[in-house]
Amino acid sequence: MQNYKKLLRVVCSLAAAALAAYCTIMLCRWVGYDLQERLGNTPSYAIVNDEYSQIIDIPEEGLTQKMPLQAGQPFYGVRLKFSTHGQLYKSGMTMVEVYNEAGQQVLFAAGNFLNIWDDTFTEFTCNDAYIPDHDETLTIRLYNEVAWDGPLGVWASEGEVDGMVLSLTDGEPLNATMAMQRVSDFTANWPALLAARLQKPLAAAVFAAVLLAMLKTPLFLLVPAVGLALGVGFTYVTPALVAPDEYTHLAAAYELASNWSGQPAADEDGNLLLRACDAAHFGTKTGEIGILAYKNEAIAESSEPGNPDELTTHSEIKAGQGSGSYLAQALGIRLARVQGKNFYTMLLYGRLANLISYLLLAALAVWLAPASLRGLFACVALLPMPLQLAASLSPDAAVLGLVFSFTALCLRLRGEQAVWWQKILLIVLGGLVAPGKAIYLPVVLLCLLIPAENLTYAKKPAVRFLGEEIPGGCCIHSATLVLAFCFWLAANLQAVAYAARDMNTTVLLAGGAAALVLLVLALAGYLKLRKHPRVFFWCKIAFAAVLVLGAVVGVRAVSHMGGGLDPDQLTMTYPNGDSIWTFSFGYICRNIPATVKLLLRTLPEQGTLWLQGLLGTTLGEPIVYRIDVSWLLGVGLLLAVLAAALPRQEGPALLGRRSKAGVAGICLCVVLAVLAAALNWTPINYQTLFGLQGRYLLPILPLVLLLVKSSKTLALRRDVSHAAALCTGTLTMLTLLQGFGLYAAWQPVS
């Protein structure tokens, strides 16, 4: 009987997953149909002749028009301006044929009374472009296949324009040139075809999510399975070089791949060396979007030639673009170059390698997390924003995976004794998190939430330090913090020096040394006085007073440190009006009221956008393109994540009062670091912060949700981890699908 129930459960799960996948396919088809109706068979055109002042009726033998075409110019058809002499005809058929110089027919199209109107351009198109490899002259033949109710004419110039001869089909020139436009691009049925590409990955994602959730499969298996399918969808949806700062990340990963190849990555001037097939794409800082961009990218990916891995072309891109983690991206790019793939395939390989790297780290985080927190980490990992970053070349994906894994391990070790590999992993993850991005250094302090007893070696439970015995696990704490700080300092020293460029370096170093001495004295005092509660209490009061006094004196000192900007310097701007000066640490300290006002103005103006960026309902690079999906999807994602963060009624408290304060303090430190980093690139004449995006707060989202889960104000009767992960994956799929429609239909604001 028990086996029968298990079999029935599997069958029902498979049926539900198959039905969900079928509905997803139908939804993709609807999106394709809708886009085809709105965007399909739409031409883009270039003017060939815009001079016309007479109407020439199409004679029985027809007209022949010459039209030049340059090498490499795509020809999808021609637009001609007709005249029906003010009448609305009921019948008639006009044929248009176009031949190249070799006599091959490159276009055959017809027009009837349904699409030919008086004094209106009418296009005659084909789905596939004709692209000559040399300059040539096309021959356009225009004739009536079925007689019209009345005369049908075309507008033309009086006299030939640029040698474009208009003549009767029998060869008699008419000393005129038709009003013409070349159809330079054509959407044809590409909207439906491109939407159909999404059917397989999105249907696979929904099928896996429903099946694994209903079967209660471990979440560390659900996350990579569903995330891989959704991530592949994002590689299709996010156009080339449109992901956040992708052009910079491409240059950095390309340079690393070149170093691995053993070839010089840059020339004598420090510019990147490229393969010949990649050179044309490296001048693009932000890629194009729209249905034609999708179409041309898909065509180029399958037809554009590649090159062997030989760096023969000089570029204007400087080497040393990035200092983040580009190992996975460079591996994908290197593999594509070894195989001689073209640029777009190389970009796809790099994106997929980055996606796989992120999913492995995300699965590790879910596996390391305590059982009660696995649903929380799974939902955060499947949000649209981390998957979008992972499906690009962004190094933030690796940073997210590392921070998630480190956070999960710290929370797990709060409740169990660490084994040897967990101790090593804690130190390694802490060391890798710190240099990934400077603003996430405070996250390393999470290791202090682990009781020292849980990290102690059984053979040596205590060690002597400053004449006192302390738990051996404190060595693990110290190793993690010291290694992280050293790596952070090595990776970010230049950035910190730039941010403090207008401050007295000697005084800052002296202040840092004094803080270090104070920390050592506080540690020594703690070890010596912790066994004397009364004395220890008053020492804590004294230490807090010293900290407050030091903070006040420090703020006053830095606010008067260095010279401020004089009135002439304050008015210095770039041609676009931006000040040449940005908010440095010194300028912030000297202008605290102005900084506070800027932050207060920023919050109501950009707060909603930060939340969208945190969840991923704003796609691409919002500074360049604002692709915002429905706010309903954002509300759904927020509710799904909060459901995973709610505690169970019978579950134990995850954090005590002090631990909650510590976690809140770490989150606050990261927020302040994010604000400081954003100020560092904001011109001083701006009224709001520039370039601050919600995705910068994504690594601490599990910690914020942990504070929610540690509260018993609202609790659940049963575990909803799998249901929340299923909802998050489904809403991410819908975000992806709507984002594709918005990208495809995007039009520049005039």
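Values computed for the structure shown
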quantity: The range 47-74: number of residues that are outside any loop (DSSP other than H, G, I, E, B) and either of a type in the set (D, E, K, R) or not assigned by TED's automatic domain parsing to the domain that holds ASN127 (or both); calculated: 2
quantity: Set PHE186, PHE108: member being closer than 26 Å to PRO74 by Cβ, of a type outside the set (Asp, Glu) and at pLDDT 90 or above; calculated: PHE108
quantity: Residue in the range 216-232 that is under 22 Å from ALA298 (Cα atoms), of a type in the set (Gly, Ala, Ser) and over 13 Å from the mean Cα position of the chain (by Cα) present; calculated: yes
quantity: Sole residue being touching a residue at least 40 places away in the same chain (Cβ under 8 Å), within 22 Å of ALA378 (Cβ to Cβ) and either part of a helix (DSSP H, G or I) or among the aliphatic types (A, V, I, L, M) (or both), chosen from LEU609, LEU654, LEU638, LEU598; calculated: LEU654
quantity: Residue check for GLU160: surrounded by 21 or more Cβ atoms within 10 Å (Cβ to Cβ) and among the acidic types (Asp, Glu); calculated: no
quantity: Members of the range 614-632 found to be in a helix (DSSP H, G or I) and under 18 Å from the mean Cα position of the chain (by Cα), listed by number; calculated: LEU614, LEU615
quantity: Criterion (farther than 21 Å from GLN263 by Cα and part of a helix (DSSP H, G or I)) met by exactly one of ALA353, ALA328; calculated: ALA353
quantity: Residue that is nearest to GLY290 (Cα to Cα), among those in the range 626-664 that are among the hydrophobic types (A, V, I, L, M, F, W, C), loosely packed, with under 15 Cβ neighbours inside 10 Å and in contact with a Ser or Thr (Cβ under 9 Å, 6 or more places away or on another chain); calculated: TRP631
quantity: Failed item in (1) among the acidic types (Asp, Glu); (2) buried (at least 18 other Cβ atoms within 10 Å of the Cβ); (3) under 16 Å from PRO151 (Cα atoms), with GLU123 passing the rest; calculated: (3)
quantity: Subset of the range 735-750 (residues that are modelled with pLDDT of 90 or more and touching a Gly at 6+ places or on another chain (Cβ under 6 Å)); calculated: LEU736
quantity: Condition check for LEU14: buried (at least 19 other Cβ atoms within 10 Å of the Cβ), in contact (Cβ under 8 Å) with a residue 24 or more places away in the chain, assigned to a helix (DSSP H, G or I) and outside the structural domain of VAL165 (by TED's automatic domain parsing); calculated: no
quantity: Exclusive hit being without any contact (Cβ under 8 Å) to a residue 24 or more places away in the chain and over 20 Å from GLN36 (Cβ atoms), set ALA229, ALA243, ALA225, ALA204; calculated: ALA225
quantity: Condition broken by LEU273, with the remaining ones in (1) at pLDDT below 85; (2) in a strand (DSSP E or B) satisfied; calculated: (1)
quantity: Test for LEU448: is it modelled with pLDDT of 90 or more and either surrounded by fewer than 24 Cβ atoms within 10 Å (Cβ to Cβ) or within 25 Å of ALA678 (Cβ to Cβ) (or both); calculated: no
quantity: Tabulated pairs, the range 99-122, first in a strand (DSSP E or B), second hydroxyl-bearing (Ser, Thr, Tyr), C-beta under 7 angstrom, 6+ apart or interchain; calculated: TYR99/THR139; GLN105/TYR99; VAL106/TYR99; VAL106/TYR130; ALA109/THR125; ALA110/THR94; GLY111/THR94; GLY111/THR122
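The values are calculated or read from the model by the stated rules, or taken from the named source; none is laboratory data. Computed from a predicted structure; not experimentally measured. Note that we place each Cβ from the backbone using ideal geometry, even for glycine, and neighbour counts take in every protein chain shown.
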